[in-house]
Amino acid sequence: MRSIIDIMDLSVEEIDGLLATAEDIIENPKKYADACRGKKLATLFFEPSTRTRLSFEAAMYELGGNVIGFSDASSSSSSKGESVSDTARVISCYADIIAMRHHKEGAPYVASTKASIPVINAGDGGHNHPTQTLADLLTIKREKGRFNNLTIGFCGDLKFGRTVHSLISAMSRYENVKFVMISPDELTIPDYVKQNVLIPNSIEYKEVKSLEEAMPELDILYMTRVQKERFFNEADYIRLKDTYILTPERLQSAKDDLCIMHPLPRVNEISVAVDDDKRACYFKQVLNGKYMRMALILKLLEVEI
Amino acid sequence: MIVGQIKDGIVLDHIKAGRGMKIYDTLKLGELDCAVALIVNADSEKMGKKDIIKISGLIDIDLHILGFIDPDVTVNIINDGKVVKREKIALPETITDILKCKNPRCITTVEQELQHVFKLCDEGNKVYRCIYCETKAELESVK
Ligand SMILES: [Zn+2]
């Protein structure tokens, strides 16, 4: 019985396996339509995240399974003071697999130590969000056809952006990957990402302030939202949120085969005028997320097709 | 200044000057029944100034945390007035229920019955991280 709390819980080979399954699902959806017949996914969302929850639910339905759960803490027993540990034990009696979102960091890990069924971390505070990273990886695979020899720009909130940290970790395992970190001084990549990931793996990276300056060399541009809920102070948020906005003008110096990604939801950091550009991949990323969640559910439930 | 020799007990020597009180508090030496002496700013040939803790009694206390607080501490075990064992404390693999995670978003802030566990992640730099949220442990976070 396996749980996935952190993208690094999966080896490169396991990720390759999930990518292959996801691409097979895309090619042959009918083959998987009954794969999880009779199985139940419990979506335990202590913090609302409609997008992620619907992605998990759609994934389970497309595998022929069922879904139970709750979409915010007020409708769960945690509003009566039940611990995450107890919730995990109780839900283990009803479901076959759990997808858990929680505002407290480490909550899905705690659940995985108490549950008797697999737990998927569907996002824990500013910490991990491995299925988003799986969506990102499938997008890179399908758009670029490779994980090696890529220059990836990350733009916006690199300090609190957990999707950025996870993708950096995941991509650091491939050959000749370079990173360009584009952010204001206040939102630069944390030291621990440098010390734990970039430096030990001898990864080439640079930190710049200008999106235009970085643009010409990028194969992938990963935009992020400056998230209001990560700030303790409203004034700081308002001052920084519009700092880096992607517009068609700023894309003029970009490569023709640039892949523009964004974990969504966006606020205004990508102008809607960019949506029709063939290099915009962020809506494909959403779809890819569903396929990777399907692949992950199959893997953790040990379903053979 | 002379604090009497102890017959049976533990002497923590070569404590970095100023850290003695921290160690005294962390090991909860104030809760022991036996005599405990905390000597601060003692002269030291090697260190200039140092702190020393003398515990009069061969009590069973977990000294592993010393590896984290001050790895230069020498632990002397005294038996019948003689030093029978002298050792440095290696960094422990995990530190349980001694440090408190200071991340306000950590699950340990709401789930009271959870143990606070930190794991050694980088031996060279003495970095411990919370097993739940991966926040780095700070010396100031002693519970
Ligand atoms: Zn923590």
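What follows draws every value from the coordinates through simple rules; no lab data is involved. Since we're looking at a predicted model, the values are computed, not measured. Every residue, glycine as well, gets a Cβ built from its backbone with ideal geometry; the counts of neighbours run over all protein chains shown.
Brief remarks follow.
- Principal-axis tilt of helix A:12-27 within chain A, Cα atoms, nearest 10 degrees: 80
- Shown is the FRET efficiency for residue B:110 and residue A:186, computed with R0 = 45 Å from the Cβ-Cβ distance and rounded to the nearest 0.05: 0.95.
- Spacing of the modelled spin labels on residue A:276 and residue A:237, each 7 Å from Cα toward Cβ, amounts to 3.3 nm.
- When the convex hull of its Cα atoms is viewed from all sides, the protein assembly as shown shows a mean projected area of 26.3 nm².
- Tilt relative to chain A, helix A:50-62 - C-alpha long axis, 0 to 90 degrees, to 10: 60
- Loop-located GluC sites (Glu not before Pro) across the range B:39-132 with a Cβ neighbour count of 11 or fewer within 10 Å are B:45, B:93, B:113, B:123, with loop assigned by DSSP.
- Computing FRET efficiency as 1/(1 + (r/R0)^6) for residue A:76 and residue B:7, where r is the C-beta to C-beta distance and R0 is 51 Å, gives about 0.25.
- Residues of the range B:25-61 with amide N under 12 Å of a point placed 7 Å along Cα→Cβ from residue B:77: B:58-61
- Expressed to the nearest 5 percent, the antiparallel share of DSSP beta bridges inside the protein assembly as shown is 50 percent.
- Between A:156, A:64, A:145, the residue with the greatest mean-square fluctuation in the GNM of chain A (Cα pairs under 10 Å linked by springs) is A:145.
- Cα centroid separation - the range B:81-143 against the range A:235-305, whole Å: 38
- Inter-part distance where the range A:58-76 and the range A:99-113 are each reduced to a Cα centre, Å: 16
- Restraint check, A:114/B:126; A:39/A:278; B:82/B:119; A:141/A:278, Cα-Cα greater than 27 Å: A:114/B:126; A:39/A:278; B:82/B:119
- Label point distance in nm, residue A:212-residue A:68, each placed 7 Å from Cα along Cα→Cβ: 5.8
- Relative to the longest principal axis of the Cα atoms of chain A, the long axis of helix A:282-300 makes an angle of roughly 40 degrees.
- Residue mean of other protein chain beta carbons inside 10 Å, B:99-106: 4
- When you filter the chymotrypsin sites (Phe, Trp or Tyr not before Pro) in the range A:67-120 for DSSP loop state and at most 13 other Cβ atoms inside 10 Å of their Cβ, you are left with A:94.
- The range A:132-285: relative contact order in percent, alpha carbon pairs under 8 Å with at least 6 residues between: 25
- GluC sites (Glu not before Pro) within the range A:169-252: DSSP coil, no more than 10 neighbouring Cβ in 10 Å: A:175, A:249
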